[in-house]
Amino acid sequence: MRTLMKRCLTACGAYTNASGADEKAHIEKSMSEAFSKIDKAVKRGVLHRNAGANQKARLSSAVKKALEPLEAK
């Protein structure tokens, strides 16, 4: 599970350095795999549901930050 989360976070970093369609697809695929693994761990009782929700929120915020351009303040 940690490996999938790390892959998603590194894909976000790679997308910020060189954005493209392939990198965006890789981010979405890795996020989907990580969410699936987290949900399975919560379902089987390995993780508490709040811990799983926290990890999913952390991943989704990193993906959102990488995919959406920074807004002017």
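Tabulated data
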{"item": "Per-region count, segment 1-21, residues part of a helix (DSSP H, G or I) and either within 18 Å of residue 65 (Cβ to Cβ) or within 8 Å of the chain's Cα centre (by Cα) (or both)", "result": "13"}
{"item": "Residue count, segment 26-57 (criterion: under 18 Å from residue 69 (Cβ atoms) and without any contact (Cβ under 8 Å) to a residue 40 or more places away in the chain)", "result": "1"}
{"item": "Residue satisfying condition, being modelled with pLDDT of 95 or more, surrounded by fewer than 11 Cβ atoms within 10 Å (Cβ to Cβ) and under 13 Å from the mean Cα position of the chain (by Cα), within set 53, 57, 34", "result": "57"}
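Residue-by-condition table, conditions (1) of a type outside the set (Ser, Thr, Tyr); (2) in contact with a Leu (Cβ under 6 Å, 6 or more places away or on another chain); (3) surrounded by 13 or more Cβ atoms within 10 Å (Cβ to Cβ); (4) in a helix (DSSP H, G or I):
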residue	(1), (2), (3), (4)
23	yes, no, yes, yes
26	yes, no, yes, yes
30	no, no, yes, yes
47	yes, no, yes, no
61	no, no, no, yes
64	yes, no, no, yes
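The values are calculated or read from the model by the stated rules, or taken from the named source; none is laboratory data. Just so you know, these numbers come straight off a predicted model, no measurement behind them. Using ideal geometry, Cβ is built from the backbone for each residue, glycine included, and neighbour counts are taken over all protein chains shown.
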